[in-house]
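Down below is the structure, laid out as structure tokens.
The values are calculated or read from the model by the stated rules, or taken from the named source; none is laboratory data. Note that this is a predicted model, so its numbers are computed, not measured. Positions of Cβ are backbone-derived with ideal geometry, glycine not excepted, and every protein chain shown enters the neighbour counts.
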């Protein structure tokens, strides 16, 4: 008797793929690989990312099936209250040098996955290992699994920094982390100019090794990082990087005996990780300098670290920022919020007090206060209590029903960001057209940026081929449970009886 071959799931994360430029590219460019997938796929143009829409937060949400209030990785940059220092996983070299390059690299290489990502929340790789399934992470930044691995630190980094040659970590069965952890013996991509293998070519090289060897695991995440820099530089409608990604996808398809076999034996999920909003060309107007706005307060300097006289720490995340009060009795959060509210470029300012979250805006009058577990429900069946003006968060309220507008899943994403880590802090976000800057932050005027609360930052497309099912809700936070059920049910499943593989999923 023939036994049906169980489908593998291949998730390719295409950094900064967005619907509008993707549709533009499909009309103006030749994209044979994307077009082939679309001929056999469902297309979902608006999948909601977590907030802030930054890679480490997005990936943590994807592999845990939880927002940051549970998985514990707030953003690319945040203030660790217990260690009294800024955590920066890699905005740019200048900031890392000021904060301490050794600490910054070790945060990214080790602490992110082994300490900061909540150990009590299972990743999809850990769930699959427990269920006797196999998995792979190819160049993803957040990868924690159940199998011991080693990261081999390049000699050039060890030459300048006091770091060991190898770092022990835990990852999926098949694990690639640039040239620090690799599968193949092909070209090494070892120098700094090609990012030590953190590029599309290396991701394709390593994953096609698994395809050709017939060793594709039950579930794989393959990360294509390159398009992000194109959009930062050229703006959100850039299509050059999309055409380059199509060429890489073509190489992946060509590694199979046939394209038909590639689709018939696998479920494919092709998706972005975050959107980007345009940033205007005027440095003076488009770049919102928080040092100037918050000049009444003493802001901690990166190189000096937190000093006794400091009042505020800034956790800069491009179009959003965590603003920490080190002395909440002398500098209450509401006082900081009122200063920020004077700038009309800031569309959202929020902080928590006990069980309530307070929200004001620099562009709208009024205020909103909300808490969890009230008698009103949103489109994701989450329950809330609202007081004040819902238009602050562009919410439409009809009876007991709440509908999001420009800030998709706004209540839960804001709630999670404000419960993601310890400390007294505000989180603020600027309107499209603008970007926050601080002491040494990257600047993308006349280009694009992300990390904001707006839908331009927060919606990404997803192509699904090989299954007729879809997640319960179109959010990255809902994908883990759906993927686990796909693996359990082999592609098509009954939602009412699904869910055998579960831990914290």
Q: Could you list all residues from the stretch 363-392 that are farther than 20 Å from residue 69 by Cα and crowded, with 20+ Cβ neighbours inside 10 Å?
A: 368, 390, 392
Q) Do any helices (runs of 4 or more DSSP H) lying entirely in the stretch 192-267 carry at least 1 residues that are in contact with a helix residue (DSSP H, G or I) (Cβ under 8 Å, 6 or more places away or on another chain) and closer than 19 Å to residue 9 by Cβ, and which ones are they? A) 200-212, 240-254, 259-264
Q. Of the residues 266, 254, which single one is farther than 25 Å from residue 95 by Cβ and either touching a strand residue (DSSP E or B) at 6+ places or on another chain (Cβ under 6 Å) or not assigned by TED's automatic domain parsing to the domain that holds residue 42 (or both)?
A. 266
Q. Is it the case that the stretch 122-129 has a residue that's touching a strand residue (DSSP E or B) at 6+ places or on another chain (Cβ under 6 Å), under 19 Å from residue 73 (Cα atoms) and modelled with pLDDT of 95 or more?
A. yes
Q: Among the numbered conditions (1) more than 17 Å from residue 249 (Cα to Cα); (2) surrounded by fewer than 23 Cβ atoms within 10 Å (Cβ to Cβ); (3) touching a residue at least 40 places away in the same chain (Cβ under 8 Å), tell me where residue 83 comes up short.
A: (3)
Q.
Condition first: assigned to a helix (DSSP H, G or I) and modelled with pLDDT of 95 or more. Can you find one or more residues in the stretch 292-300 that meet it?
A. yes
Q: Go through the stretch 88-110 and count every residue that is part of a helix (DSSP H, G or I) and under 16 Å from residue 305 (Cα atoms).
A: 10
Q: Answer yes or no as to whether residue 164 is in a loop (DSSP other than H, G, I, E, B), without any contact (Cβ under 8 Å) to a residue 60 or more places away in the chain and either over 24 Å from the mean Cα position of the chain (by Cα) or over 21 Å from residue 209 (Cα atoms) (or both).
A: yes
Q: Could you please tell me which pairs satisfy a Cβ distance under 6 Å, a separation of 6+ or placement on different chains, a first residue in the stretch 476-494 that is assigned by TED's automatic domain parsing to the domain that holds residue 269 and closer than 14 Å to residue 131 by Cα, and a second residue that is part of a helix (DSSP H, G or I) and at pLDDT 95 or above?
A: none
Q. Of the residues that make up the stretch 105-115, is at least one surrounded by 20 or more Cβ atoms within 10 Å (Cβ to Cβ), under 24 Å from residue 319 (Cα atoms) and either touching a helix residue (DSSP H, G or I) at 6+ places or on another chain (Cβ under 7 Å) or not assigned by TED's automatic domain parsing to the domain that holds residue 225 (or both)?
A. yes
Q: Run residue 422 past the list (1) part of a strand (DSSP E or B); (2) out of contact with any strand residue (DSSP E or B) (no Cβ under 8 Å at 6 or more places or on another chain) and report the number of the one that doesn't hold.
A: (1)
Q | Any hit, the stretch 129-138, residues being outside any helix (DSSP H, G or I) and outside the structural domain of residue 479 (by TED's automatic domain parsing) | A | no
